[in-house]
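> Just passing along the structure, written as structure tokens.
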Amino acid sequence: MIKKHVGFFFNLVAMGLFIPGILLPMFSLNMAMTANVSGAKITNTLIDKNLSLLQTIQELWQDERLLVALLIFAFSVCIPVVKFILLTLAYIKKHTRLEVIVYNVISKIGKWSMADVFVVAIFLAVLSTNHAETATQQQMAIFGFKLDFIVSSETLSALGPGFFYFTGYCLLSLLGTAISSSSTRTKLVSTPSSVEP
């Protein structure tokens, strides 16, 4: 019985982390290009974005990458919410056949909900796009004058607070679900008569 309370508490805290995890910026991306002409620097920011998970889905949708947007939305937003609703139902309906059915469904969903961890891995892949400053020297002739200039570009990316909240959600949710479902399995093995129809 204690396991069930602890498992539900972990899932409750996980949902508390989930909400800022999808709303706060998960990563920031900055790309700048600098031209150095005769000692004068001209800098232009090409990309400067702070994106949360929901903003990323929205951008993918607007860019007509519908399949990717739908998959990320389904695995990272819908499945966690459905899973929490089912866990709450199982917690309320203790010692019933419905509880057993719900935990069976959750164990099936659990395989798919690992995709939210995959989403975090995608963001880590995006963050690996950090490139050190690269510079190329160019020469241009205007009206017979040769003009030397250096063009450099730099890409920087960093983790945002949303990443840490979402990662915390993933870990706590997995732990809470494992604890809750193990208490049900133990109860079924030790006292099968305690499950009511």
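> So F84 ticks every box in (1) at pLDDT 80 or above; (2) in a strand (DSSP E or B); (3) not β-branched (V, I, T) but one. Which box is left unticked?
(2)
Conditions (1) modelled with pLDDT of 75 or more; (2) under 20 Å from P20 (Cβ atoms), marked per residue:
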residue	(1), (2)
F75	yes, yes
I79	yes, yes
L89	yes, no
E99	yes, no
H131	no, no
T134	no, no
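> Also: Can you run down the residue pairs with Cβ atoms below 8 Å, 6 or more apart or on separate chains, where the first is in the stretch 52-69 and open to solvent by less than 100 Å² (accessible area, probe 1.4 Å) and the partner is among the aromatic types (F, W, Y) and part of a helix (DSSP H, G or I)?
Pairs that qualify, where the first residue is open to solvent by less than 100 Å² (accessible area, probe 1.4 Å) and the partner is among the aromatic types (F, W, Y) and part of a helix (DSSP H, G or I), are L53/F166; I57/F73; A69/W61.
> Ok, one more. What is the number of the single condition among (1) in contact (Cβ under 8 Å) with a residue 24 or more places away in the chain; (2) open to solvent by 30 Å² or more (accessible area, probe 1.4 Å); (3) not in a strand (DSSP E or B) that L29 does not meet?
(3)
> Oh, and also: In the stretch 1-41, what count of residues is obtained for those that are under 30 Å from S180 (Cα atoms) and either among the aromatic types (F, W, Y) or at pLDDT below 75 (or both)? So that I can check it myself, show each step before the final result.
Applying the first criterion (under 30 Å from S180 (Cα atoms)) to the stretch 1-41 yields 1-24, 26.
Narrowing the set further to residues that are either among the aromatic types (F, W, Y) or at pLDDT below 75 (or both) leaves 1, 8-10, 18.
Total satisfying the criteria: 5.
> Consider the stretch 161-187. How many of its residues are open to solvent by less than 10 Å² (accessible area, probe 1.4 Å) and at pLDDT 85 or above?
5
> Is it the case that the stretch 79-90 has a residue that's basic (K, R) and either closer than 25 Å to P161 by Cα or crowded, with 16+ Cβ neighbours inside 10 Å (or both)? Steps first, answer last, please.
Step one: filter the stretch 79-90 for residues basic (K, R), giving 83.
If we keep only those that are either closer than 25 Å to P161 by Cα or crowded, with 16+ Cβ neighbours inside 10 Å (or both) as well, we get 83.
Yes, the conditions are met somewhere in the stretch 79-90.
The values are calculated or read from the model by the stated rules, or taken from the named source; none is laboratory data. Not measured: the values here are computed from a predicted model. Note that each Cβ is placed from the backbone with ideal geometry, even for glycine, and that neighbours are counted across all protein chains shown. The area values use the complete protein model at the heavy-atom level, side chains included, leaving out ligands, DNA and RNA. Shrake-Rupley method; radii C 1.70, N 1.55, O 1.52, S 1.80 Å.
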